[in-house]
Every structure is written in C-alpha cells, then in structure tokens.
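Have a look at the structure below before the remarks.
The values are calculated or read from the model by the stated rules, or taken from the named source; none is laboratory data. Predicted model, so just to flag it, every value in this text is computed and none were measured. We place every Cβ from the backbone using ideal geometry, glycine too, and count neighbours over all the protein chains shown. These area figures cover heavy atoms from the full protein model, side chains too; ligands, DNA and RNA do not enter into them. Shrake-Rupley method; radii C 1.70, N 1.55, O 1.52, S 1.80 Å.
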Amino acid sequence: MDRHDKEIIPEEILPVVIIAVALHCLPVPPPYRPPPVCCSGNGPSGICLSYLLSGYTPYLSPEASHPNPLLHSKLREQPHLSLLEQDLEYLCEGLEGRSSNPVAVLFDALLLPDSDFGLDHSSPLEWRYEPERAVPHLVLGKGPPGGAWHAMEGSMLTLSLANWMELPGLKLKDWMREKRRNVRNDRATPTEIASYYQHYVSQMSLEQNFACGTTVTSVSRQPGDQEAAPPCWRVTGLQRREGEEFRDGSAVSEEVPFSMLAHNVVLATGTHDIPARLGVDGESLPHVCHSFWELEAAISRGELDQSSDPVLVVGAGLTAADAVLAAHHLNTPVYHAFRRSVSDPGLIFNQLPKLLYPEYHKVHQMMIQQQYEPDPPPPDHAQNLHAPSGPSSLSFSSSSSSSSSYPGYLSFPRYRVAAFRPDRKCVLESDSGRRTVVQISKALVLIGAHPNLSFLKDNGRTLGVNPEEPITCRRNPVEVDPFTNKVAAADGPGLYAMGPLVGENFVRFLKGGALAIASDLAKTQREGGGRGAAQTGSEVRVLDS
C-alpha cells in the first residue's frame, strides 16, 4: 500500500495505527533478508489485531459447547452478543492458564479448549464477517507479514505446537497439509509459519491495511487546536520506495519521510530489535557476536569445522541451544557458559516435555553430563583451558568421562563471562569467584534481546512497570490495563501495547492482546466515542515532509 504524495487533512485522522517495527531494526544477513518488494506486514500480534479490526467478529456458535461449564454458562447468558461486546473481565473470572494475562487465558481457552491437556476440542467460536463493525486502521511494518519469523532458520522446529501458532479463521494444520502430503510432526518450521502468516493476510483480504517498507521514527502526543480539533497522536517515519529498475533486475530504493495523525496507536514492535549485551570488557571485539545468524554466516563461509578452536556459547535459552546444536552438528568444539544451575526449575529445558522437544532435551543432557570440573588450581593462578601446550592445558577428553556420549562439548554451569581478550581468549568466572581462561575461535552471546522504542520519549522507559529501568519483555514489560491493553503511563488516551512488549512471548497468548484492544475500541464506538472509534469513509492522507 503506497501512502506517498498525499497530504494530511486535519479533520481526517486515522482511528488506529499499529506500529510493528521501529527505527534501526536488527539487520538480517542474506539469505534471510526479506525481499525489497512493496508488500509489508509485521508479526502475528498486528496481523491478528488487523483481522479483528477489519470486521471479523467472534460469536458463540449455537451448536457449540465449551468443556469448562462455568465459561460455557457465562457465554450462554447473552449468545446474541459478539465476544467484542461482552464483559471480558466477567468472562475471565475463575479461568486459569499458562499466561499471567487474563484476556489471553480467556481467548486461548476459546480458541484452543483444554489444549494444555493434549485434547483437541473444537473451538466454540464462529467467525462472522461484519464490515459495518470495521475500524479503519493502518499497520506499519518493515518487512512482509510474519515479522521476525522470516528471519529465523527455516529448518528448525517451532517451540510451540503448530496449532498454537495459528490465527483465528484459518487452521494452520489444514494449510500445512495443502503444502506437504504428510504432516509427521505437531510442530512446524519457521519457514512454514512465515508463509502461513503471509498467506493469512492475503486470504483474509487484509493487504489494504498494511503499509510496506515503513520505519517509524517518532510517536508523540499532538495537542488540539483552537478550531476544536481534538488531541491525537502524530506518527512520523520513513517509507521505502523502489525506484528505477535496471536490466539486471536490481533497483534503486529511496526512503521518503511521512507523517500522519491517529486517535489510537498500538505498539506491537516485539522485543527482538536490540540484542542484550553482557557489558564486559572486550565485548565489541570482532570475534564476539550477538546473533545466531552470525554463526550461520560463519558456517556458510567455511570458517568453522572440527579443527577450529571451540565456539563459546553464552546463554541458556533456546537460541543458545540452537547455536550449540548447529556447531555440534559440524563437530566444532563447543564451550557453553550460563549463569543458572542445570537443575534450576527456571531453566527453560526443565519446563519442556522430553518427547515433544527431543533436540532441546539432547542439549539439556549435554549440559548435565558434560560439566566442567576443574582441578584445584595453583594459588592466584587461573587455569588455562585448551592451551596448545604447558602443564595447565586441559583437553575435552581429559575433562570429561571417557564414556561420554557428547565429545567436543563442555558446559560451564553457574559461570559468567568476566572479559573477552583480543587474542581470542575469554575469562570465565564461577559463582565462587574461580576464574578459567579458555581459547576460542568465536563467541556467541545469546542472552535475549530488548525492544527498540527509540521513537518514544526516553526510549519508552517511563511506560514500564519499573520506570527507572529499560523496557524488557521478562523483567520490565510495558505496563498496561489487563482488560484493555491501554498503556498505563501514556501521555494521553489511545495508546495501547501488545505482544512481547507486555510480556507475551508466545503466539498462543498474544492473540489475547488483540481481543482486548479490539473490544475496547468497539466499546468506544458503541458509546459514541466518535473520533476515537471507527470513522468509515475517512481517508488517511500522509504528508511527505
């Protein structure tokens, strides 16, 4: 959708703008970079919200029943009302689930009843297309629909079950069966998920709501004027436009500034823009990386093999596990350092069913069985691990059992990185203060990521649960009302947040944020909110500035 060469008319203000990507998003190296074509989108948060705002409305099906008798009884009290018209707080009472967000638990219970128990109940919801309910909106995204899923390694399997990844109105498994004859696994690959989200936007005719190649640079509160124009939000940024195409098929692109006004802004940027850093000496050295894709690039260039010095993987999340598996597959030696104990219940591997996630169970077994156990070092000396020669050298074979099932791997539980050195040595420090120096070829610091909210004042810090700390998905998410997803500390009304920004990492539960926002906007529309609700026939005009 091209929004260039138009002007904003002050009386014509867009009801809703969904921001799916911020300035300076983490670049993705080829071949994972989305193609520079004019078909934009974002992740599942914004896609699901766009679906609900486009007039697709959930009702309790007359023939359906829900396995939770209390919830079913509540839904039967007013079956003529859509879910968007009902009291979500009332429906949420008494429900329990694997999310701390009550609306997320409610919507999940309605879309996937009793799925935590391995049951495959049909959803009691039926979806009706009611265009008169549509709220004009615009989704600003940098890449194609699917967002970060296009940047993930395509052959891996998703953590969630495939049906947990689907969006309302289109069964993922049915779509997958059309693409391949045999669906042997309950999990899907990121490539399949990204393609599904792209197809979903097309299948549901949502393309007109998506603006391609857009990068938001500023979101600010706009005061009203003396002519009774109400306060609203101004969104500015850049939109990529493809220029002249050459004979070889390449084209020159340019970024054109845009500015628009909106009554409501939804923050759906995710939290994968800025890799988290350790903050130690030497972290900016060339051999220290903060992205799994840098490992992929090194592998594709032939820089790593069984004769390489070990790769150091720092972190105990799933991305770190993927890096361990990738390096181990090449028979490249791996050192794996992480702050938690292998038995810590907070460790993600201790929360995953073994049969469903065999590859991550394998990594966990490696972490347990191949732990580094140093000999008592000489006083005031750090033990040198993997040194080419000398009395303090230690090889993998001498540091683990001869019957080890995982040669070439060594874990360092409850260790932290103290420093990286230019000679490709790394100083590791245990909880007890013992230091060990390891020789490495490359370090991968995979300890999470932070959202890029540079388009907000003070990087959005004041919007967090703790306004003194940066916004992070797990430790300090954006504080929102649990039943509307309105940002609690916003500069004015009409600012919402959803998805990982508010602590929802799984597609299964971020759909609840879409329901909460759509329900609140529908309520505003019913109560005659006028400017903040749907304004059918109102065209958004964007000023090239």
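Annotation: amide H of T472 has no partner in the under-5 Å range at sequence separation 5 or more or interchain, hydrogens built in the peptide plane. For the cross-link pairs K74/K486; K173/K354; K74/K511; K173/K523, the ones whose C-alpha atoms lie over 31 Å apart are K173/K523. Surface exposure of region 40-133, expressed per residue as accessible area with a 1.4 Å probe, stands at 44 Å².
In this structure region 265-337 gives 37 Å² per residue of accessible area when probed at 1.4 Å with all protein chains present. How much of the accessible area of region 275-319, probe 1.4 Å, is carbon plus sulfur, in whole percent? Carbon and sulfur atoms account for 45 percent of the accessible area of region 275-319. The phi torsions of region 277-283, fed into the Karplus equation with coefficients 6.51, -1.76 and 1.60 and a -60° offset, translate into couplings of 10, 7, x, 10, 4, x, 5 Hz, rounded to whole numbers, with Gly and Pro shown as x.
How would you order 75-84, 44-53 from highest to lowest mean count of nearby Cβ atoms within 10 Å? Mind showing how you got there, number by number?
On the way: 75-84: 14.6, 44-53: 28.9.
Top of the packing list down: 44-53, 75-84.
On a per residue basis, region 435-513 carries 40 Å² of accessible surface, using protein heavy atoms and a 1.4 Å probe.
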